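Q: Below is one structure. I have some questions about it.
The values are calculated or read from the model by the stated rules, or taken from the named source; none is laboratory data. Everything numeric here is computed off the predicted structure, so don't read it as measured data. Using ideal geometry, Cβ is built from the backbone for each residue, glycine included, and neighbour counts are taken over all protein chains shown. Each accessible area value is taken on the protein alone, full model and side chains, heavy atoms only, with ligands, DNA and RNA left out. Shrake-Rupley method; radii C 1.70, N 1.55, O 1.52, S 1.80 Å.
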Amino acid sequence: MKLEHFGMAEPGDCRVVFTADAAELARAVEEERAATDAPQEEEDLLTAAVNRAILSGFSTLYAELVENQKLVPITDPDFELLAVNRDEGFRAGAQFFALPPLELGTYTGFVQAIRPRPIRPLTVELEVNRNHGDEDRAADAAGKAALRQRVTREIYAQRCAQAEPLARQELIFQLGKEVSGPLPKQLVAGNYFAHQRQFNLRLQANGINFDQYLKVQGQTVEEFRTALHAEAEQKLRSRLGLLLVADREHLWPTQEETDAELARWNPKIYGERTFPANDERKVRQQLAASRAAAFVTDHSTLTPPPAEPVMAESKEKQS
């Protein structure tokens with residue numbers, strides 16, 4: 001496999017064109033034919049063979065390119081088949097994003113409060129009925145009140161525990177404001193649409209209508225999109241900022257640590273395997289980002305939640 005062209009549409013937006021000769025394509029075709037459920041149609045067979053050839057042969061070219069151009073890729077490559085011919089081989093393109101020139105400001109000393117979700121009285125009653133029905137029916141008025149106080153504190157303890165990791169995430173979110181410099185437009189756009197999909201899935205999972213959400217938030221559609229776009233970009237800058245912190249604090253894993261993590265590959269964290277150089281890149285960056293996140297939180301402050309349970313106001317009081 002040979003590199004034909006490398007360039008950047010803008011800093012961090014990497015475009016590659018590469019070729020494979022007829023012999024390399026022929027080997028991939030034969031391997032594909034020998035595979036279980038091999039494609040029968042010629043076009044499907046060639047497409048599958050090209051994919052096989054890329055996943056087995058692109059890794060070396062990619063690693064050399066990254067080394068020679070001093071790149072820090074941050075996304076998987078997207079491939080595009082440009083031409084294929086049995087007698088000549090194939091020509092393909094790839095696009096991936098690399099860390100653009102960014103400036104890192106302060107990355108310690110952030111402050112974030114642990115904010116447990118308020119407890120509705122109905123939630124307390126449901127918990128009493130579900131798990132303490134006999135005890136409640138047998139109690140007098142003072143006993144009923146004491147039971148509800150105890151249940152409220154138990155729910156509050158659970159919500160405080162749930163709120164702490166969210167507060168840690170918010171500390172990392174603050175890091176995004178300290179990462180300055182232009183980002184590739186396509187990277188920002190793709191990140192926004194992914195963020196929007198996640199938001200829509202959360203609404204669906206909670207059975208919330210989008211119009212209802214806007215009404216509660218007091219936002220127009222345009223205000224919502226502007227806020228969501230800003231949030232998505234800040235989260236992207238936070239993720240990239242963790243790599244900058246890892247550089248600054250020398251938190252990158254050793255080759256031995258990387259190899260050990262590769263050996264116990266976790267698809268829930270890394271997704272499906274691609275090709276060796278990219279798989280190693282993902283593992284190294286995940287380990288480094290995790291260490292950087294720990295460094296940021298260890299050198300920042302989480303303020304404790306209120307000592308007393310936080311109760312939701314009734315609709316009567318709110319009105």
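Q: Using the per-residue mean of other Cβ atoms lying within 10 Å as a proxy for protection, in what order, highest first, do the peptides 28-35, 286-293 fall? Please report the intermediate quantities before stating the final value.
A: Numbers: 28-35: 15.4, 286-293: 19.5.
In descending order of packing, they fall as 286-293, 28-35.
Q: What is the stretch 67-183 by shape, rounded, prolate or oblate, if you read a ≥ b ≥ c off the alpha carbon gyration tensor as root eigenvalues and call it rounded for a/c under 1.5, prolate for a/b larger than b/c, and oblate otherwise? Write down the numbers at each step before the final one.
A: Values: a/c = 6.89, a/b = 2.39, b/c = 2.88.
Oblate, since a/c reaches 1.5 and b/c is not below a/b.
Q: When every alpha-carbon pair in the stretch 193-301 is counted, what percent end up more than 23 Å apart? Display every interim value, and only then the final one.
A: Numbers: 2869 of 5886 pairs.
In whole percent, the long-distance tail amounts to 49.
Q: Follow-up question, since we're still on this one. Gaussian network model of the chain, Cα springs within a sub-10 Å range: biggest mean-square fluctuation belongs to which of PHE58, PHE210, PHE97?
A: PHE210
Q: Top to bottom by accessible area (1.4 Å), largest first, where do TRP265, TRP252 land?
A: On the way: TRP265 40, TRP252 60 Å².
Sorted descending by solvent-accessible area, the residues read TRP252, TRP265.
Q: Match the structure shown to one of the listed values (i) 1.70; (ii) 1.10; (iii) 1.03 of Rg/Rh (Cα atoms, Kirkwood Rh), computed from it, and give that label.
A: Structure-derived value, by its label: (ii).
Q: With r defined as the distance between the Cβ atoms of GLU64 and GLU4 and R0 fixed at 22 Å, what FRET efficiency is calculated, to the nearest 0.05?
A: Efficiency at R0 = 22 Å is approximately 0.95.
Q: From the cross-link list LYS185/LYS215; LYS215/LYS235; LYS70/LYS282; LYS144/LYS215, which pairs have alpha carbons spaced over 28 Å apart?
A: Long pairs (Cα-Cα over 28 Å): LYS185/LYS215; LYS144/LYS215.
Q: Pulled fully out, how much extra length does the chain show between PHE193 and ALA157, if you take 0.36 nm times their separation in residues and subtract their Cα-Cα distance?
A: Details: separation 36, 0.36 × 36 = 12.96 nm, distance 3.56 nm.
Separation in residues times 0.36 nm, less the Cα-Cα distance, equals 9.4 nm.
Q: What shape does the stretch 1-131 have by the C-alpha gyration tensor, where a ≥ b ≥ c are the square roots of the eigenvalues, rounded means a/c under 1.5, and otherwise prolate means a/b greater than b/c and oblate the rest? Before the final figure, lay out each step's value.
A: On the way: a/c = 4.37, a/b = 1.72, b/c = 2.54.
Oblate.
Q: Given the chain, what percent of its DSSP beta bridges are antiparallel, to the nearest 5? List each step's numbers first, then the result.
A: Values: 25 of 29 bridges.
Percent antiparallel among DSSP bridges in the chain is about 85.
Q: What is the magnitude of the charge dipole of the chain about its Cα centre, with +1 placed on the Cβ of each Lys and Arg, -1 on the Cβ of each Asp and Glu, and no other charges, expressed in debye to the nearest 20?
A: On the way: 38 positive and 49 negative charges, 329 e Å.
My answer is approximately 1580 debye.
Q: Same structure again: For the chain, what is the mean residue ellipticity at 222 nm derived from helices alone (per DSSP H run of n ≥ 4: -39500 (n - 2.57); sum divided by total residues; nearest 500 deg cm²/dmol)?
A: -19500 deg cm²/dmol
Q: With axes computed from alpha carbons, what is the tilt in degrees of helix 185-205 against the longest principal axis of the chain, rounded to the nearest 10 within 0 to 90?
A: Roughly 40 degrees, rounded to the nearest 10.
Q: Moving to a separate point now. So, counting K/R as plus one and D/E as minus one, what does the shell of residues with Cβ under 15 Å around GLN186 add up to? Display every interim value, and only then the final one.
A: Numbers: positive: ARG15, LYS185; negative: GLU10, ASP13, ASP76, ASP78, GLU80, GLU233.
It works out to a net charge of -4.
Q: As I understand it, the value is the acute angle between the Cα axis of helix 22-34 and the longest principal axis of the Cα atoms of the chain; what does it come to in degrees, rounded to 10?
A: Helix 22-34 sits at roughly 60 degrees to that axis.
Q: Provide the per residue accessible area, probe 1.4 Å, for the stretch 153-267, rounded to a whole number of square angstrom.
A: Working: 7010 Å² over 115 residues.
About 61 Å² of surface per residue is accessible.
Q: Expressed in nm to one decimal, what extension gain is obtained for the pair THR254 and ALA294 from 0.36 nm per residue of sequence separation less their Cα-Cα distance?
A: Values: separation 40, 0.36 × 40 = 14.40 nm, distance 1.76 nm.
Difference between extended and current length: 12.6 nm.
Q: Order 201-208, 128-135 from most to least packed using the mean count of other Cβ atoms within 10 Å. Numbers along the way, then the final one.
A: On the way: 201-208: 10.1, 128-135: 11.9.
Ranking the peptides 201-208, 128-135 by packing returns 128-135, 201-208.
Q: Using a probe of 1.4 angstrom, how much of the accessible area of the stretch 101-165 is carbon and sulfur, in percent? Walk me through the intermediate numbers first.
A: Details: 2150 of 4050 Å².
On the stretch 101-165, the fraction of accessible area on carbon and sulfur atoms equals 53 percent.
Q: Place a +1 charge on the Cβ of each Lys and Arg in the stretch 55-95 and a -1 charge on the Cβ of each Asp and Glu, then give the dipole magnitude about the Cα centre in debye, rounded to the nearest 20.
A: On the way: 3 positive and 7 negative charges, 9 e Å.
Computed about the Cα centre, the dipole is about 40 debye.
Q: Could you please report the charge total around VAL17, scoring K, R as +1 and D, E as -1 over all other residues with beta-carbon less than 9 angstrom from its beta-carbon?
A: Numbers: positive: ARG15, ARG91; negative: GLU4.
My count for the surroundings of VAL17 gives +1.
Q: Using a 1.4 Å probe on the protein heavy atoms, what percent of the accessible area of the stretch 1-50 belongs to carbon and sulfur?
A: On the way: 1360 of 2890 Å².
That fraction is 47 percent.
Q: Gain in length, ASP44 to LYS215, computed as 0.36 nm per residue apart minus the alpha-carbon separation, to one decimal in nm? Working shown, then result.
A: On the way: separation 171, 0.36 × 171 = 61.56 nm, distance 5.00 nm.
Going from the current span to full extension adds 56.6 nm.
Q: If you average the C-alpha positions of the stretch 119-142 and of the stretch 150-204 separately, how far apart do those two centres end up, in angstrom?
A: 33
Q: Report, in whole Å, the centroid distance computed from the Cα atoms of the stretch 51-72 and the stretch 252-319.
A: Between the Cα centres of the stretch 51-72 and the stretch 252-319 lies a distance of 27 Å.
Q: Does the stretch 118-275 classify as rounded, prolate or oblate by the C-alpha gyration tensor (a ≥ b ≥ c root eigenvalues; a/c under 1.5 gives rounded; else a/b over b/c gives prolate, otherwise oblate)?
A: On the way: a/c = 2.57, a/b = 1.66, b/c = 1.55.
Prolate.
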